[in-house]
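A.B. asks: Next up is a structure, given as structure tokens.
Quick note: the coordinates plus some simple rules give every number you see, no bench work behind them. Keep in mind that this is a model prediction, so the values were computed, not measured. Using ideal geometry, Cβ is built from the backbone for each residue, glycine included, and neighbour counts are taken over all protein chains shown.
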Amino acid sequence: MTFRLGVDVGGTFTDLLLVDESSGQTYMAKVPSTPEDSSIGVLDGIDRICNESDIDPKQVAQVMHGTTVATNAVLTRKGAKVGLITTKGYRQTLQVARSFCPGGLGGWVSYNKAPLMAPLELTIEADERMGADGEVVSPLDADTLLHDLKALAATGEVEALTICLLNSYVNGAHERAVRDVAEKVFTDIPISISSDVVPEMQEYERTETTVVNSYVRPQVSKYVTNLKSSLEERLGDDVNLAILRSDGGLASARAAAESPVNMLMSGPAGGVAGAMYFCKRGGFENILTFDMGGTSTDVALIQHGEARIRRETRVSDITVRAPSVDVRTIGAGGGSIAFVPELTKALRVGPDSAGADPGPAAYMKGGEAPTVCDANVVLGYLPSDVKLGGAMTINRDAAEKAVQSLADAMGIELMAAAEGIVKIVNESMLGALRLVSVEQGYDPRDFALVGFGGAGPLHVNALGILSGAWPVIVPPGPGVLCAYGDATTQIQDEASKTYVAKVEDISADDLMKELGVLRDRAGESFAADGIAADQQEVAYQADIRYAGQAFQLSLNVTNEELKAKGLAVLTDEFDRQHEQLFTFAHGKDHEIVIIRAVVKAKSSLTADLKEVSGSATDLKDAVIHETRFFYEQDWHDASIYEREKLGVGTVVDGPAIIQEMDSTTLVLPGHAATVDKVGNLLINPVKGV
Amino acid sequence: MTAQIIETNSMPWETADVDAVTVDIIENALRNVREEMDAVLFRTAMSPGIREQGDCFPMVANKDGKMVVGQFGSFIHGFMEAYDGDIEEGDIILTNDPYMCNAAVSHLPDWIVLVPVFNNGRHIAWSAMFGHMSDNGGMVPGSIPIKAETIYQEGIRIPPTKLYKKGVLQEDILELILHNVRTTEWNRFDLNALVAACRTASKRCVEIAERFGDEVFQTTMQIMLDRNLEAMRAIIQMFVPEEPSYFEDFVCDDGVGKGPYKIACTMWREGDVAIFDFEGTDPQAKSSINFYMNEEMFKMFFGSFTINLFDPHILFNDGFYELVDVRIPQGSLLKPNFPAALSGRTHALGRIFDVMGGVLGQGAPDAMNAAGFSDSPHLFYSGYDKKGEWFQLFQIGFGGIPGRPAGDGPDGHSLWPGFTNVPNEFIEAYFPLRIVKYEPIADSGGAGLHRGGNGLSVAYEFLVDGDIAIHDDRWLTYPWGVRGGDPGMRSTKRIERADGTEEWLPAKCDGVKVKEGDVLYFNTWGGGGWGNPLERDADLVAFDARRGVVSSDGAQRYGVVIAADGSVDTGATEKLRAEMAASKVDTGLFSRGGTIEEIKARSMEETHLPAPEAP
């Protein structure tokens, strides 16, 4: 028997999921995270899960891991000191940052720039120039560079080095030449070059991306190396560690340490992967994911069982050119604080959050400001009269007091204020869902809506009503779904290049040849990790647009299609999608901008995970408490059920609350939840109500 | 003349009872609508001007034409007065003529699309958006001819015209218009994109109305307008004293030998109403630098500037217009008589922000900024590339944001919301030029406790023969400093010819021939400094020097002497600071670098260009 282990390290808890690869049997554990060194929490968790399940740790062959170590380095601005080498005349590319001032008219009045990730005092120029056509305009002055590099090294401050030269996306020869010189001076720090990390046009974006890679690289590399060696100690030398990338694929530990810029959205990608896993098996290929946590909410759109991949990743105010699952994050969650500005008397929720400390007022840890969580308590959605699985005590009086202060400021009743807070926050969530659906030309009513994360199952029924996306799905283990995602995905890598060619100027053969080169490049890292060619699956993509447009679409294409239909297979599909998105198509002047090969390793997981059993339950046996909650200006009596006791086919009529280890699902009046064959709760409106 | 809106449902409007939370929800939904308009436009537009630089502005207005979301105020009123005809569901209106829409757009290259939104047979709202087209025909590529003396020379004038009639595209009209511009395909795409953005907004408005009810939607928009009214009433009381304050600033020249042109503004308050009177502004120019200023647009500038300081979350709108009275003398630079040329209005438009800062700042010196990058200078480069294909590049310049109470001004940034530069790699890939340098200019920002942001030096090497045109300003008058801060450095345009000669180009010129291998150094100006530079932390000045944003010599403007190792020479610094403090002349609130007469007298020597004659 072999086992695989999914591990998700979050800010508060580390979630683990152990899977028997042949039977699909799963074991779960939740242990406190250890932010000073996350690997301690991971090892604690492994001990716990192996003890409880009585499994020999040496049987674990693969550890699949979602980590926020790169994300946190960026968020807390605690990454490495990065040195940067640019083309002469471009030393301040990051300082200018495309000249953009955020905010509306007059936004510049209050805008202060964050410090650069590669500070100007550690940025030097290389005297060289590459043309936009890839021809050398002037060669590299290596002597001057060596001299300047020595001066840079003499500062003793550089912990990681980045090289980004103009037009290197066409020809990286000068970047490699600079690296050769730099390696003589900087012998023991990582060096990232832009033509390796992201060979795509646009100097600012490419520089920023490569710099962010350098910025997080020492930390990620140390973390991965430490984790790998402790895992080997505990689980045996042959254990395989893989890390979840932002685009939802897994990278080997080695690849992750080299290109950590690809890990910035590792956390949210795990949730999306987990949601996809359960929904696909439940028969839902088109879903909107709704992952609501304490301070933020992530949403994504999945069509035909595949997540949309965006060619950029955004973490707070940093945007990099790295592929990520098209997850939109908004700064509102259960901990978001509601307030009333004095001049306008409007009700605003967020972006400030009570976070874990002091937390919502109801948690009695010092928080006094009214949060979304407090409103949920006041409304009875989060029951205060029954102990929650997470053992967190909830104090209704404290929540009431906090929400009352806001009600007074607005001059309305307590319950109206509480319902107002929840409605406002739901509206922002709807805005996020619209970003990934309506704005991309998709009708949310064609999708199912999947709620998970700490607060998702509480709000998702209401979001179903607002968006018209049915059924609403709450998958098994909504609080630990990321660990499910980690455990159920495949190793993946890709190679891409900026191609920029008018479709009319090239042939399908030209394209296939270039794609073949990329496939070989992407396959190299698999070879380095010992994955044989027959264990690999390849997919090709071309990013296409009308010449001159900023918008582009990544279209999948196969060699067979190209052979059969030629390049029209791309241009026709582009016209079709453009029309769907924007109501018009141009029909000519297509341009291929970037081409890409994505290689995946075939999965070794042969059995489906088992999360539910039995048949329809007598509901009386699952009731743990009777309660009531407030909805649409009225109180409703409701039962609280224990989810573990609900077998396949059980129907729970709303109003009801379904409780499990770390999550609470709210079923609103006029709706009913059904347990499907894989354990999902499917919530639908009840006809005739 | 007034337009008639034809509704098939004559049910009168009633005021609905709307609770506060619903108002906030609809406000959120409308905020999303505006963002979606931008998103649709950016992704579908074709020209670099709209696509990369974001030179475009969306709006949603209520049925009465009051802007509920947007940035530049409502264009609807002017249009409704100017258009004589019926407006029906499915109509989409296009115009670009400032004289036909009360200056809702202020020059011909800005094309504006208006869509009346209907639901259940009643007119419920407007969506509108304008964008800067790459070309509008006329005398010069890019359609901003400096020497134009009438608007007839500035390309095609589109009076308010139905581009779509009851949902049907008027193809003949579209082709007629596009036939008159040099960049037909870019304009076609960009116009499509504007229409798509407005249609999206219309669809969203209908969805909101369907969800909450037409009356609730209508009443809510009124409540949102009232919220702004009340907020602005308080703000005007805080910011605008009853005692008049006066400020004047300048557009340096008109490109045909006259200048500087004065923009004068007096501000005072009578009861709740703030009055801005531009009496004393110089008469209109003979060339195209006139800025036909819409009074309501000015109100919007004023409102969004001040409200940002109090509730940045508010969805800013038109609701407060009755609290502001704007008076502009007819025949002046800001309200020229038809058919004066208008295409080069960008300098006066930008300078309005400095004028507003200067006049408001006297009442609230704690909140005031120095003079900023109050412009968007242009470079045009056009000709035939080596394959014989026509090319036409339009580049916007960026410069120094001023020193502000909030801190130092960013270097090489934009004053306009949403504007970004075009990536140089993109330009090099698509146009026959090489950008040899793209770098902020050390010391160009005015010294101050908070320094002004640095201007930008862009060196363009032309790879084929062609024509260039330049529209720039602040080459003569200085971006002023405030509260003891120094003025920023002015702009220059110098061309190094492949044959080894050198030329200083005037700030406004077109039809300048360039040859392959010529290099143009387009240097924009820095922002003014804020506060006394001698009070800036000396270590911070040394840090700026290590970063290369201030030079070692430039550090002396702060009274800081940098030692050989890059650290502060404490003894020498103390001594220098004491000397400078003793000899520092109190210039009052503003440091302008001299009177206009003094600046003009030094012009040839300092700028290599003759001083213009008084207009």
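A.B. asks: Averaging over every viewing direction, what projected area does the convex hull of the Cα atoms of region A:612-668 cover, in nm²?
C.D. replies: Working: hull surface 15.7 nm².
Taking a quarter of the hull surface, the average projection is 3.9 nm².
A.B. asks: For q values of 0.12, 0.13, 0.18, 0.20 Å⁻¹, compute log₁₀ I(q)/I(0) with the Debye formula on a Cα-only model of region A:269-426, without solvent.
C.D. replies: These q points yield log10 I(q)/I(0) values of -0.63, -0.71, -1.03, -1.12.
A.B. asks: Here's a follow-up. Compute the convex hull volume of the Cα atoms of region A:568-677, divide it by the residue count, and report the result per residue in Å³ as a whole number.
C.D. replies: With only Cα atoms used, region A:568-677 gives 240 Å³ per residue.
A.B. asks: Ignoring the sites themselves, what is the longest stretch of chain A with no GluC sites (Glu not before Pro) in a DSSP loop and at most 16 other beta-carbon atoms within 10 Å?
C.D. replies: In short, A:414-631.
A.B. asks: What's the average, rounded to a whole number, of partner chain beta-carbon atoms within 10 Å of each residue's beta-carbon in A:86-94? Don't skip to the end; give the middle numbers.
C.D. replies: Numbers: counts 1, 4, 3, 9, 6, 6, 11, 4, 0.
Across the residues of A:86-94, the mean count of other-chain Cβ atoms within 10 Å is 5.
A.B. asks: Sort A:Val136, A:Val503, A:Val450 by Cβ crowding within 10 Å, fewest neighbours at the top.
C.D. replies: Arranged by neighbour count, lowest to highest, A:Val136, A:Val503, A:Val450 become A:Val136, A:Val503, A:Val450.
A.B. asks: Using only the alpha-carbon atoms, what does region B:349-440 span along each of its principal axes? Please give whole angstrom values in decreasing order.
C.D. replies: The Cα atoms of region B:349-440 stretch 59, 23, 19 Å along their principal axes.
A.B. asks: Right, another one. Can you tell me the relative contact order of region B:377-436? Whole percent, Cα pairs under 8 Å, sequence separation 6 or more. Write down the numbers at each step before the final one.
C.D. replies: Details: 65 pairs, mean separation 14.0, N = 60.
Relative contact order comes out at 23 percent.
A.B. asks: What translational diffusion coefficient, to the nearest whole µm²/s, does region A:336-421 have by Stokes-Einstein, given a Kirkwood radius computed over alpha-carbon pairs, a temperature of 25 °C and 0.890 mPa s viscosity?
C.D. replies: Details: Rh = 12.7 Å.
For these conditions, the coefficient is 193 µm²/s.
A.B. asks: In terms of the Cα gyration tensor, with a ≥ b ≥ c the square roots of its eigenvalues, is region B:1-87 rounded because a/c is under 1.5, prolate because a/b exceeds b/c, or oblate?
C.D. replies: Cα axes put region B:1-87 in the oblate bin.
A.B. asks: To the nearest 0.05, how large is the calculated FRET efficiency for B:Asp272 and A:Ser53 if R₀ is 60 Å and r is the Cβ-Cβ distance?
C.D. replies: Given R0 = 60 Å and the Cβ-Cβ separation, E is 0.25.
A.B. asks: Taking every alpha carbon pair in region B:96-231, what does the distance histogram look like in 5 angstrom bins from 0, in percent?
C.D. replies: 2, 9, 16, 19, 16, 13, 10, 7, 6, 2, 0
A.B. asks: Taking each full run of DSSP H in chain B as one helix, which ones are at least 27 Å long along their axis (Cα atoms) and have mean Kyte-Doolittle hydropathy of at least -0.5?
C.D. replies: On the way: long enough: B:20-44 (37 Å, 0.16); B:184-212 (42 Å, -0.20); B:214-239 (37 Å, 0.14).
The qualifying helices are B:20-44, B:184-212, B:214-239.
A.B. asks: Another one. Excluding same-chain residues fewer than 8 positions from B:Lys147, which lysines have a Cα within less than 18 Å of its Cα?
C.D. replies: B:Lys258, B:Lys286, B:Lys508, B:Lys513
A.B. asks: Whole percent per 10 Å bin, from 0 to the bin with the longest distance: what is P(r) over all C-alpha pairs of the protein assembly as shown?
C.D. replies: Binned Cα distances yield the sequence 2, 8, 16, 21, 21, 17, 10, 4, 1, 0.
A.B. asks: Assuming a viscosity of 0.692 mPa s and a temperature of 37 °C, what translational diffusion coefficient in µm² per second does Stokes-Einstein assign to region A:492-601, Rh being the Kirkwood radius over Cα pairs?
C.D. replies: Details: Rh = 14.5 Å.
After rounding, the answer is 226 µm²/s.
A.B. asks: For region A:339-384, go through all pairs of different Cα atoms, get the mean of 1/r, take its inverse, and jot down that Kirkwood value in Å.
C.D. replies: Numbers: mean 1/r = 0.0880 Å⁻¹.
For region A:339-384, inverting the mean 1/r across all distinct Cα pairs yields 11.4 Å.
A.B. asks: Starting from a Cα-only point model with no solvent, please compute log10 I(q)/I(0) by Debye for region A:191-339 at q = 0.16, 0.20 1/Å.
C.D. replies: Those come out to -0.97, -1.20, one per q.
A.B. asks: Can I ask one more? Could you work out the equivalent-ellipsoid semi-axes for region A:417-545, taking the square root of 5 times each eigenvalue of the Cα gyration tensor, largest first, in whole Å?
C.D. replies: Details: eigenvalues 338, 103, 25 Å².
Equivalent-ellipsoid dimensions as semi-axes: 41, 23, 11 Å.
A.B. asks: Could you calculate, for chain B, the ratio of the Cα radius of gyration to the Kirkwood radius, expressed as Rg to Rh?
C.D. replies: When Rh is taken as the Kirkwood radius, the ratio is 0.98.
A.B. asks: So, one more: Taking the Cα centre of chain B as origin, work out the dipole magnitude from +1 charges on Lys and Arg Cβ and -1 charges on Asp and Glu Cβ, in debye rounded to 20. Could you put the intermediate results ahead of the total?
C.D. replies: Working: 54 positive and 90 negative charges, 158 e Å.
Charge dipole of chain B: 760 debye, to the nearest 20.
A.B. asks: Based only on other Cβ atoms within 10 Å, what is the fewest-to-most ordering of A:Ser316, B:Ser106, B:Ser457?
C.D. replies: Ascending number of Cβ neighbours within 10 Å: A:Ser316, B:Ser457, B:Ser106.
A.B. asks: What is the distance in Å between the Cα centroid of region A:119-177 and that of region B:368-443?
C.D. replies: Between the Cα centres of region A:119-177 and region B:368-443 lies a distance of 24 Å.
A.B. asks: Taking region A:84-198, how much of its Cα-Cα pair set, in percent, is spaced more than 21 angstrom apart?
C.D. replies: 41
A.B. asks: Let me ask something else. For chain A, what is the relative contact order in percent, using Cα pairs closer than 8 Å and at least 6 residues apart in sequence?
C.D. replies: 12 percent.
A.B. asks: Can you give the longest stretch of chain B with no exposed loop site, where a site means trypsin sites (Lys or Arg not before Pro) in a DSSP loop (not H, G, I, E or B) with at most 11 other C-beta atoms within 10 Å?
C.D. replies: Maximal segment without exposed cleavage sites: B:388-615.
A.B. asks: Moving on. Tell me the label-point distance for the pair A:Asp446, A:Ala114, using the 7 Å Cα-to-Cβ offset, in nm and rounded to one decimal.
C.D. replies: 3.6
A.B. asks: Using a Förster distance of 41 Å, how high is the FRET efficiency between B:Ile5 and B:Tyr246, based on the Cβ-Cβ distance and rounded to 0.05?
C.D. replies: E(calc), rounded to 0.05, equals 0.45.
A.B. asks: Measuring from the lowest to the highest alpha carbon on each principal axis, how far does region B:4-232 reach, largest first, in angstroms?
C.D. replies: Reported extents, whole Å, longest axis first: 56, 34, 30.
A.B. asks: Something else about it: So, with +1 on the Cβ of K and R and -1 on the Cβ of D and E, and no other charges, what is the size of the charge dipole of region B:533-583 about its Cα centre, to the nearest 20 debye?
C.D. replies: Values: 6 positive and 9 negative charges, 25 e Å.
Its charge dipole is roughly 120 debye.
A.B. asks: Would you calculate a helix-derived [θ] at 222 nm for chain B, using -39,500 (n - 2.57) for each DSSP H run of n ≥ 4 and dividing by the full residue count, to the nearest 500? Each step should come with its number before you reach the end.
C.D. replies: Values: 13 runs with 170 residues, N = 615.
Rounded to the nearest 500, it is -9000 deg cm²/dmol.
A.B. asks: Please work out the FRET efficiency for the pair A:Lys222 and A:Gln577, using the Cβ-Cβ distance as r and a Förster radius of 51 Å; give the result to the nearest 0.05.
C.D. replies: So, using R0 = 51 Å, E works out to roughly 0.75.
A.B. asks: Expressed as a whole percent, how much of the Cα-Cα distance distribution for region A:1-156 exceeds 18 Å? Spell out each step's value before the answer.
C.D. replies: Numbers: 8777 of 12090 pairs.
Roughly 73 percent, once rounded to a whole number.
A.B. asks: Under a point-charge model restricted to the Cβ atoms of Lys and Arg (+1) and Asp and Glu (-1), what is the dipole moment magnitude of the protein assembly as shown relative to its Cα centre, in debye to the nearest 20? Provide the component values of the computation, followed by the final result.
C.D. replies: Working: 114 positive and 185 negative charges, 104 e Å.
I would put it at about 500 debye.
A.B. asks: Using the C-alpha gyration tensor of chain A, what are the square roots of 5 times its eigenvalues, in whole angstrom, with the largest one first?
C.D. replies: Working from the Cα gyration tensor, I get semi-axes of 44, 29, 27 Å.
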